[in-house]
Amino acid sequence: MNVEMISVRKRKKIEELIQSQAGALEKFLIKELQISNESHYVDNIDVEIIDSVPIEDDNVDSVQIENDNVDSVQIENDNVDSVEGNNDDDNVDYDIFDPRNWERLPPKLIDLLVAKGPRDNLNRRFTANLNTRALANGEMCDRDWLVYSKELDRVFCFCCKVFKNGIGRGLLANEGYSDWSHVGARIKEHELGMEHVKNMTTWYEYRQRLQKFQTIDKTTQRLIEKERDHWKKVLKRVISIVKFLAKHNLAFRGSKEKLYEDSNGNFLGLIEMLAEFDPIIQEHVRRVTSQKVHVHYLGHRIQNELIALLGSAIKTEIISKIKQAKYFSVILDCTPDVSHQEQMSLIIRYVNVSSTSVSIEESFLGFLKVNDTTGQGLFDVLQNELKELGLDLFDVRGQGYDNGSNMKGKHQGVQNIFLDVNPRAFYTPCGCHSLNLAL
């Protein structure tokens with residue numbers, strides 16, 4: 001009697017376990033169906049393709065289910081298509097090379113994406129052999145429609161993702177394909193479909209029309225290109241004026257920042273002068289004075305930005321010359337500015353071997369902010385700056401300062417601390433300062 005009761009209890013436990021596994025499996029299948037199919041139209045499912053998929057193991061009961069509670073699995077990000085920020089498309093910075101954003105791109109960004117192609121500058125590829133297709137005649141063809149998303153770790157079809165009408169069929173045109181063991185067969189199946197061929201034709205024709213300005217709104221496209229060329233020419237002239245003023249050490253701004261007013265500075269003065277002869281600047285000045293444009297690139301912010309960009313480019317060129325010469329010397333000098341902030345000027349002396357004629361040059365690399373004027377404090381500022389510039393402290397072969405105790409001191413000066421780190425950095429006092437003391 002006890003044996004029969006024990007067997008009945010075991011049987012009930014087994015039946016409860018099977019029912020719980022079946023319920024969890026139903027929840028899992030329903031959840032997966034809701035995630036993969038956002039549309040309620042089930043008529044578009046290709047039954048023949050589903051039936052043709054081989055089932056490797058028909059014995060479902062032999063599969064070991066490690067975790068019975070499927071609902072306890074944590075989904076890190078269920079809404080893959082969500083983009084942080086405002087819902088307004090105009091206020092969101094889209095990464096146009098990310099397939100997640102292709103379904104919500106504005107028309108202008110779609111034009112840019114079609115013209116440039118689906119792959120970004122890094123040209124990321126999940127595997128090289130999947131990007132080529134062998135034709136029947138043995139010729140290799142590039143699958144330029146195949147795009148890999150690094151963030152999602154999925155592969156997409158560019159033309160089907162962008163140009164599909166309504167609900168597209170297949171994972172390549174929707175949420176992406178990530179079954180890497182069957183990706184080769186799935187890609188071959190997708191590229192032979194009629195919907196893919198139609199979208200490919202639309203993409204190629206659209207791209208060709210954009211290149212030849214033969215789209216439906218070709219007049220608008222010509223106006224956009226004309227306006228783009230106009231602003232490019234305006235910026236070239238503005239940059240030339242900035243280079244001229246910086247090269248001749250002339251002040252940019254005056255007491256006013258408006259065109260055709262007294263004391264508006266050298267920058268706006270040169271703009272007014274060019275407007276008398278150059279039709280590009282003349283048209284630009286006409287738009288500004290008539291208030292047809294509010295972004296005119298003539299204010300103090302764009303001047304400072306252009307100065308910073310040009311200065312960064314010049315510094316990069318100087319650093320490349322110094323690295324080519326390898327060895328160099330440093331010249332430092334400290335002086336307070338009008339706000340009584342101590343600042344140290346850094347000058348690098350090196351042999352310029354980049355050109356045919358070898359010459360010794362000294363290049364000013366900027367002012368360094370100094371809070372500690374002791375020898376150790378000045379040396380730390382110099383060491384950090386050389387590290388940021390990508391220059392090696394042990395390549396220094398000379399150092400030159402004035403006759404201040406914190407500079408040339410034998411015990412606590414910069415030159416002594418420098419020699420303790422790099423004994424080959426020979427110290428030479430400044431000849432001008434020494435002559436001044438002698439006189």
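The values are calculated or read from the model by the stated rules, or taken from the named source; none is laboratory data. As the structure is a computational prediction, the values presented were derived from the model and not from experiment. Cβ sites come from the backbone with ideal geometry, for glycine too, and all protein chains shown count toward neighbours. Note: areas computed on protein heavy atoms with side chains; ligands, DNA, RNA excluded. Shrake-Rupley method; radii C 1.70, N 1.55, O 1.52, S 1.80 Å.
Within the stretch 188-201, which residues are open to solvent by less than 60 Å² (accessible area, probe 1.4 Å) and among the polar types (S, T, N, Q)? Residue satisfying the conditions is 199 alone. The set of residues from the stretch 172-187 being surrounded by 12 or more Cβ atoms within 10 Å (Cβ to Cβ) and on the phi < 0 side of the Ramachandran plot comprises 172, 173, 174, 175, 177, 178, 180, 183, 184, 186, 187. Pull up the stretch 289-312, narrow it to residues that are in contact with a helix residue (DSSP H, G or I) (Cβ under 6 Å, 6 or more places away or on another chain) and open to solvent by 50 Å² or more (accessible area, probe 1.4 Å), then point me to the one that is farthest from residue 360 (Cα to Cα). It comes out as 296.
Any residue in the stretch 392-414 that is more than 25 Å from residue 438 (Cβ to Cβ) and touching a helix residue (DSSP H, G or I) at 6+ places or on another chain (Cβ under 6 Å)? Looking through the stretch 392-414, at least one residue is more than 25 Å from residue 438 (Cβ to Cβ) and touching a helix residue (DSSP H, G or I) at 6+ places or on another chain (Cβ under 6 Å). Picking from residues in the stretch 387-422 that are under 39 Å from the mean Cα position of the chain (by Cα) and without any contact (Cβ under 8 Å) to a residue 12 or more places away in the chain, the one that is least open to solvent (accessible area, probe 1.4 Å) is 392.
Do we have residue 347 as in contact with an Asp or Glu (Cβ under 6 Å, 6 or more places away or on another chain) and surrounded by fewer than 16 Cβ atoms within 10 Å (Cβ to Cβ) here? The answer is yes for residue 347.
Scanning the stretch 313-326 turns up one or more residues that are open to solvent by 30 Å² or more (accessible area, probe 1.4 Å) and part of a loop (DSSP other than H, G, I, E, B). Residue check: is residue 265 open to solvent by less than 30 Å² (accessible area, probe 1.4 Å), in contact with a Gly (Cβ under 8 Å, 6 or more places away or on another chain) and not β-branched (Val, Ile, Thr)? In short, yes.
Please tell me if residue 255 is closer than 18 Å to residue 304 by Cβ, without any contact (Cβ under 8 Å) to a residue 12 or more places away in the chain and in a helix (DSSP H, G or I). Quick ask: steps written out before the conclusion?
Numbers: closer than 18 Å to residue 304 by Cβ: yes; without any contact (Cβ under 8 Å) to a residue 12 or more places away in the chain: yes; in a helix (DSSP H, G or I): no.
Criteria not met by residue 255.
Would you mind stating whether residue 358 is without any contact (Cβ under 8 Å) to a residue 24 or more places away in the chain and open to solvent by less than 60 Å² (accessible area, probe 1.4 Å)?
Working: without any contact (Cβ under 8 Å) to a residue 24 or more places away in the chain: yes; open to solvent by less than 60 Å² (accessible area, probe 1.4 Å): no.
Here the answer is no, as residue 358 does not meet what is asked.
Each residue in the stretch 271-288 was checked for being open to solvent by 80 Å² or more (accessible area, probe 1.4 Å) and either out of contact with any helix residue (DSSP H, G or I) (no Cβ under 9 Å at 6 or more places or on another chain) or not in a loop (DSSP other than H, G, I, E, B) (or both), and 5 pass.
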